[in-house]
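Before any comments, here is the structure.
The values are calculated or read from the model by the stated rules, or taken from the named source; none is laboratory data. Everything numeric in this text was worked out from a predicted model, so none of it was measured. Backbone-built Cβ (ideal geometry, glycine too); neighbour counts: all protein chains shown. Ligands, DNA and RNA are excluded from the accessible area calculation, which covers all protein heavy atoms including side chains. Shrake-Rupley method; radii C 1.70, N 1.55, O 1.52, S 1.80 Å.
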Amino acid sequence: MGRAGCCYRGAERLASPPRVPRLRPLLVLLLALCYGAHRGGHCQVATPQCRIQKCTTDFVSLTSHLTPALDGFDVEFCKALRSYSACTQRTAKSCRGNLVFHSAVLGISDLMTQRNCSRDGPTSSTHPEMQSEPCNYHSRTQHALTHPHTHTHTPPGYLFCGLFGDPHLRTFKDSFQTCKVEGAWPLIDNDYLSVQVTNVPVVTGSSATATNKITVIFKPFEECTDQRVYQAVTDDLPAAFVDGTVSSGAPDHNLNGNNGDSTGKVQALWISEHSPGRHVELHAGYIGVTIIVRQLGRYLTLAVRIPEEMAHAYDVTQDLQLCLNGCPTSERIDRGGHLPLPLPHPALGLQLQQPHGQGQSSHTHSHTAPYSAPQGFSMEGARARCREQLEVQDIYFHSCVFDLLTTGDANFTAAAFSALKDMESLHPHSERWTIYPPSSAHTSQPITWLLLLTLCALG
């Protein structure tokens with residue numbers, strides 16, 4: 001490997017937009033281009049007149065604390081890109097013919113296209129005066145990291161919890177469990193937030209349940225918000241809190257669109273409706289929490305991202321939290337991660353439970369009818385249906401198969417798929433996204449252990 005080629009190979013990689021946006025590797029690549037060239041001593045970037053290295057290091061310093069999971073990521077990243085672009089324009093004359101410079105310009109253009117950033121708009125300061133916004137969790141934590149009188153040196157960590165299907169629970173520790181938990185159970189209960197779900201039996205003769213009610217309580221927090229309660233039940237997924245409001249707290253910080261254009265101030269707590277009656281998101285910017293609630297078929301799904309420090313702010317009276325500690329052993333259907341799939345019923349003698357007073361819904365789903373009649377899925381039929389939306393045979397795939405064999409309700413396929421996508425949008429650690437059932441990780445015949453535990457699901 002000759003030193004003279006270091007710039008060109010890096011430039012070639014940067015100039016090619018990635019198939020899937022992976023922002024962190026691109027930042028590392030930009031920094032490596034300049035520092036690698038500087039250390040090589042023979043690349044053009046080392047000339048004192050061309051300041052592309054300074055532009056790149058300033059950009060990395062502005063974005064090193066950002067992750068796509070954070071609220072407001074697009075806004076801050078677009079501002080940093082515009083600052084980076086302005087810096088390259090200022091040094092363009094002295095960098096004429098410099099491969100690293102031209103690669104950086106192409107890389108900026110690619111990133112701005114990927115993130116829908118406008119060319120005109122606010123920019124980031126390389127030496128910002130940090131002013132904490134008290135009702136913006138991200139602002140408070142960044143101020144704590146940079147303020148000279150604080151002792152905080154570690155960026156905040158985030159946790160994920162999800163619940164869907166019969167129900168399947170993914171805890172803060174990425175433990176995947178299938179539970180009975182009939183009735184009302186707390187998923188989260190700390191000093192800032194309470195989330196409770198109510199589960200009802202799905203079919204006669206099975207211990208499997210599913211969620212038909214979700215209650216979220218945002219507790220009072222300083223001057224940011226008073227208490228707000230959100231409640232969703234089957235066929236009633238409102239885009240408002242129970243008191244009819246859609247936000248709480250005085251406007252605290254700017255929210256820009258994906259193109260970087262300012263759309264004004266936002267509240268400390270607000271609700272956004274993505275699909276009427278089907279998909280609602282709750283945003284608590286003052287505590288850094290995002291909650292996704294969906295209805296698929298007759299049941300609800302839930303996904304939560306919460307800062308670790310908030311999740312652990314509880315006392316001994318609040319230790320029953322399924323997201324924190326998982327389901328009690330007596331409520332577990334799975335056995336140490338082994339998901340017991342029921343044998344297909346000979347004539348699908350399992351009858352779906354009809355909630356009292358619940359008729360046909362006017363809502364429809366793109367893949368299945370809202371209240372489809374139970375079907376007689378064979379093992380292979382269930383696997384084939386789940387493969388239509390879930391290509392990887394991970395725990396979400398096996399949960400889908402479990403739900404189809406247990407209920408015969410094809411809506412659970414869409415529920416598993418949506419739960420997977422919500423997890424990918426909220427879970428902060430992509431290397432932990434995929435979980436395989438223990439027996440399927442190293443074998444080509446995962447059905448064997450499924451059949452051994454059949455009675456467990458029907459018992």
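For the subset of the range 418-444 comprising residues that are polar (S, T, N, Q) and more than 20 Å from Asp403 (Cα to Cα), which member is modelled with the highest pLDDT?
Of all residues in the range 418-444, those polar (S, T, N, Q) come to 418, 425, 430, 434, 439-440, 443-444.
Filter again for more than 20 Å from Asp403 (Cα to Cα), leaving 425, 430, 443-444.
Working: Ser425: 96, Ser430: 93, Thr443: 37, Ser444: 36.
If we take residues in the range 418-444 being polar (S, T, N, Q) and more than 20 Å from Asp403 (Cα to Cα), then Ser425 is modelled with the highest pLDDT.
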- Of the residues Glu182, Glu133, which single one is open to solvent by 40 Å² or more (accessible area, probe 1.4 Å) and modelled with pLDDT of 90 or more? Glu182
- In the list Thr113, Thr88, which residue meets the criterion of being modelled with pLDDT of 90 or more and open to solvent by less than 20 Å² (accessible area, probe 1.4 Å)? Thr88
- Count of the range 311-354 residues which are surrounded by 14 or more Cβ atoms within 10 Å (Cβ to Cβ), modelled with pLDDT under 80 and not in a strand (DSSP E or B): 11
- Task: Quick one: in the range 209-227, of everything that is out of contact with any Pro (no Cβ under 6 Å at 6 or more places or on another chain) and open to solvent by 30 Å² or more (accessible area, probe 1.4 Å), which residue is farthest from Asn136 (Cα to Cα)?
- Result: Asn212
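Can you tell me which residues in the range 78-100 are of a type outside the set (D, E, K, R) and part of a helix (DSSP H, G or I)?
Cys78, Ala80, Leu81, Ser83, Tyr84, Ser85, Ala86, Cys87, Thr88, Gln89, Leu99, Val100
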- So which pairs qualify, if the first residue must be in the range 79-107 and more than 18 Å from Leu62 (Cα to Cα), the second must be open to solvent by 30 Å² or more (accessible area, probe 1.4 Å) and among the basic types (Lys, Arg), the Cβ gap must be under 7 Å, and the two must be at least 6 apart or on different chains? Thr91/Arg51
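Name every residue in the range 189-239 that is hydroxyl-bearing (Ser, Thr, Tyr), assigned to a loop (DSSP other than H, G, I, E, B) and over 21 Å from the mean Cα position of the chain (by Cα), in order of residue number. Spell out how you get there, then give the answer.
Taking the range 189-239 as the starting set, the residues that turn out to be hydroxyl-bearing (Ser, Thr, Tyr) are 192, 194, 198, 204, 206-207, 209, 211, 215, 225, 230, 234.
Still in the running and assigned to a loop (DSSP other than H, G, I, E, B): 192, 204, 206-207, 234.
Correct list: Thr204, Ser206, Ser207, Thr234.
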